[in-house]
1. With respect to residue 129, is the statement that it is under 30 Å from residue 154 (Cα atoms), at pLDDT 90 or above, in contact with a helix residue (DSSP H, G or I) (Cβ under 6 Å, 6 or more places away or on another chain) and part of a helix (DSSP H, G or I) true?
2. Within region 151-177, count every residue that is assigned to a helix (DSSP H, G or I), surrounded by fewer than 13 Cβ atoms within 10 Å (Cβ to Cβ) and at pLDDT below 90.
3. Counting only residues that are without any contact (Cβ under 8 Å) to a residue 40 or more places away in the chain and surrounded by 12 or more Cβ atoms within 10 Å (Cβ to Cβ), which one in region 61-70 is nearest to residue 24 (Cα to Cα)?
4. Which residue is nearest to the chain's Cα centre (by Cα), if the candidates are limited to region 29-51 and must be in a helix (DSSP H, G or I) and touching a residue at least 40 places away in the same chain (Cβ under 8 Å)?
5. Any idea which residue in region 117-150 is nearest to residue 160 (Cα to Cα), counting only those that are in contact (Cβ under 8 Å) with a residue 40 or more places away in the chain and crowded, with 17+ Cβ neighbours inside 10 Å?
6. Which residues, counting only those in region 71-90, are under 16 Å from residue 55 (Cα atoms) and without any contact (Cβ under 8 Å) to a residue 12 or more places away in the chain?
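The values are calculated or read from the model by the stated rules, or taken from the named source; none is laboratory data. Treat the numbers as computed from the prediction; the structure is a model and nothing was measured. A quick note on method: Cβ atoms are made from the backbone with ideal geometry, for glycine too, and the neighbour counts reach across all protein chains shown.
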């Protein structure tokens with residue numbers, strides 16, 4: 001712990017408050033950090049970080065009802081932050097294969113089928129699918145603009161999506177995998 005050249009009457013009372021709490025809990029904080037840090041040097045660095053954060057709290061630290069709990073919470077957060085910084089990284093090869101320019105995800109390739117089948121939906125279904133799914137309007141904003149409750153708008157959107165899905169299966173030959181995601185489609189069928 002750093003030594004201060006100031007006499008006790010020249011120091012800030014908040015500093016004394018932090019020092020008292022630090023002296024009372026430093027040993028157990030150090031043991032806690034030593035158990036959980038990757039090595040002794042890292043534990044010492046984290047211990048110093050906790051001390052500095054306590055000092056920065058100043059008078060706010062003195063007003064804490066449970067300074068020990070605060071110190072341990074800061075120590076735990078410091079451990080988590082250090083672990084995040086130490087995540088292993090994988091080196092990438094110097095030459096990565098370029099993605100195929102014309103290859104699109106199956107669901108992305110449905111745009112032509114969706115455009116062809118939107119007119120087949122009822123006006124109410126087409127409107128909510130267009131606004132919420134294609135134009136990006138939130139369901140809440142859609143509900144407010146139409147004087148609907150949020151649950152009613154959500155139910156309307158779910159029903160409209162189901163009807164569009166049924167159209168896409170029937171008119172575009174859309175197929176789904178075991179997870180329910182679009183895996184492929186045959187393309188637009190003749191009207």
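1. Yes.
2. Matching residues across region 151-177 total 2.
3. Applying the filter and picking the extreme gives 70.
4. 36
5. 121
6. The one that is under 16 Å from residue 55 (Cα atoms) and without any contact (Cβ under 8 Å) to a residue 12 or more places away in the chain: 73.
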